[in-house]
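Each remark here refers to the structure printed beneath this line.
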Amino acid sequence: MLGLRSRHLTAQALLTCAVLACASSGQAASPRVERVVMIMRHGVRAPIVGEAPLDTKTGAPWPTWPVPPEHLTTRGAKALEILGRSDRRWLAGLGVLPARGCPAEGKVRIWTNTAQRTIASGEAFGRGLTPGCGTPVGHRPQGDVDPLFEPLRAGVAPFDPTAAIASIQAYTGGVDRLAARLKPALDELDRVLDCGPAKACSPRRVSGVTPSADGRGIDLTGPLRDASGTAQVLLLQYVEGLSPGPKSWRAVKPSALKRLGALHAALFDVFTRPPYMTARQAGPLSHRVLEVFDEPGAGVDVFMGHDTNVTAMAAALGVPLDAPSYATGDVPPGGALIFMSLVDDTGNRSVRVYYQTQSPKTLRRLGARVSRPAIAVPGHERDSIPLEEFRRRLAAGAPSMMPIK
């Protein structure tokens with residue numbers, strides 16, 4: 001009996017040691033989570049007018065959407081609410097949010113861009129993240145340009161179109177060569193659109209990149225500009241449930257959507273990933289993220305914007321955006337880059353980075369499965385990066401950071 005009691009006490013001691021992280025033996029406890037910042041793309045929306053160029057040919061008419069162009073759909077809102085509930089469970093498990101009830105006032109902050117799809121997305125995600133709590137969703141007046149999400153359009157940073165185009169051409173090797181490398185995906189898009197034998201269903205205009213009319217950005221022309229939008233519309237109609245049975249040209253399988261997604265991902269090789277573009281696209285939001293990390297106490301901040309925001313922030317930090325069901329570098333509806341601030345017992349602070357997505361099948365079925373892997377920051381083998389190094393990385397990647405009033 002004494003031997004059994006001794007073994008029982010030993011096991012209990014080991015369990016206690018595990019819970020306390022064996023602090024008495026000198027082993028450091030796991031760092032605690034301080035703040036979580038989510039840079040999110042809005043949910044499933046109806047296509048933007050002209051997103052699939054009007055001269056795109058198809059085997060039958062495009063489907064009819066249940067909401068106006070660019071608006072978040074009812075299913076898109078439901079998917080974000082489900083995602084919010086999943087994130088609530090995750091964050092509660094980390095001690096950032098309470099497992100039940102409402103968080104303290106100001107502990108969860110949601111800020112969105114001014115488009116209907118971003119405001120409605122923030123509201124839907126908030127209903128899942130803090131159910132029944134009426135968490136306010138902040139944004140500028142609809143119609144305003146928010147520099148956090150659209151810094152080029154807002155004109156908050158000096159912009160030299162010549163320097164921008166030089167950076168784009170250097171990064172891509174030339175937009176015409178970028179289009180040539182993606183010819184297999186362009187050809188597959190024509191087969192999917194099924195407009196007739198041996199026809200180019202998607203326009204094949206000459207590639208080019210020129211200054212925009214207002215001087216605050218650049219305009220891309222050519223097959224990538226045209227095909228990227230069409231590929232995105234095909235994904236949107238699949239996750240919305242508008243792709244019917246196998247006899248229709250619109251019955252695109254997820255495996256094909258992933259390959260075609262390379263056309264949409266290539267858009268960011270022009271607009272957000274070249275260093276000159278990254279600095280301007282990510283600058284204001286990078287500055288705001290670092291401000292949040294300097295605030296005392298725990299909390300969650302959600303910035304509900306666009307795929308350009310997610311890709312620009314990833315480029316500024318130098319991390320890849322890889323999800324099993326999507327083309328490398330593409331961001332699905334509801335996709336998010338997550339920054340988690342940690343602090344250990346000695347006061348050392350670090351940041352862990354996650355890339356959160358749901359597969360096309362999950363979105364279509366309104367499922368709850370979430371992919372949320374931690375991303376290793378290049379040059380760091382551990383799953384987190386010291387806060388000061390994180391700060392230096394963002395400052396180097398987005399040197400045009402400035403406060404936004």
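Summary of values
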item	result
Residue that is nearest to the chain's Cα centre (by Cα) [pool: residues in the stretch 344-374 that are within 21 Å of Ala395 (Cβ to Cβ) and not in a loop (DSSP other than H, G, I, E, B)]	Val353
Of all residues in the stretch 318-368 being in contact (Cβ under 8 Å) with a residue 40 or more places away in the chain and among the basic types (Lys, Arg), the one that is surrounded by the fewest Cβ atoms within 10 Å (Cβ to Cβ)	Lys361
Boolean, Gly305 is buried (at least 21 other Cβ atoms within 10 Å of the Cβ), under 27 Å from Lys253 (Cα atoms), modelled with pLDDT of 95 or more and not aliphatic (A, V, I, L, M)	no
Exclusive hit being more than 20 Å from Leu285 (Cα to Cα), of a type in the set (Gly, Ala, Ser) and out of contact with any Lys or Arg (no Cβ under 6 Å at 6 or more places or on another chain), set Gly138, Gly128, Gly50, Gly106	Gly50
For Glu123: the one exception among (1) surrounded by fewer than 19 Cβ atoms within 10 Å (Cβ to Cβ); (2) acidic (Asp, Glu); (3) outside any loop (DSSP other than H, G, I, E, B)	(1)
Those residues of the stretch 39-81 which are acidic (Asp, Glu) and within 18 Å of the chain's Cα centre (by Cα), in sequence order	Glu70, Glu81
Number of the exception - Thr130 against (1) in contact (Cβ under 8 Å) with a residue 40 or more places away in the chain; (2) within 17 Å of Val270 (Cα to Cα); (3) not small (Gly, Ala, Ser)	(2)
Matching residues, the stretch 53-78, being under 19 Å from Ala115 (Cβ atoms) and among the hydroxyl-bearing types (Ser, Thr, Tyr)	Thr73, Thr74
Answer residue from the stretch 239-278, given it is of a type in the set (Phe, Trp, Tyr) and modelled with pLDDT of 95 or more and is surrounded by the most Cβ atoms within 10 Å (Cβ to Cβ) among those	Phe268
Failed item in (1) free of Cβ contacts under 8 Å to residues at least 24 places away in the same chain; (2) hydrophobic (A, V, I, L, M, F, W, C); (3) crowded, with 24+ Cβ neighbours inside 10 Å, with Ala315 passing the rest	(1)
Subset tally (residues that are surrounded by 12 or more Cβ atoms within 10 Å (Cβ to Cβ), hydrophobic (A, V, I, L, M, F, W, C) and either at pLDDT 95 or above or within 26 Å of Ala164 (Cβ to Cβ) (or both)) for the stretch 190-215	1
Matching residues, the stretch 132-172, being under 30 Å from Trp90 (Cβ atoms) and over 23 Å from the mean Cα position of the chain (by Cα)	Gly132, Cys133, Gly134
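The values are calculated or read from the model by the stated rules, or taken from the named source; none is laboratory data. The shown structure was predicted, so the numbers you read here are calculated from the model rather than taken from an experiment. Cβ coordinates were reconstructed from backbone atoms using ideal geometry, including for glycine residues, and neighbour counts include every protein chain displayed.
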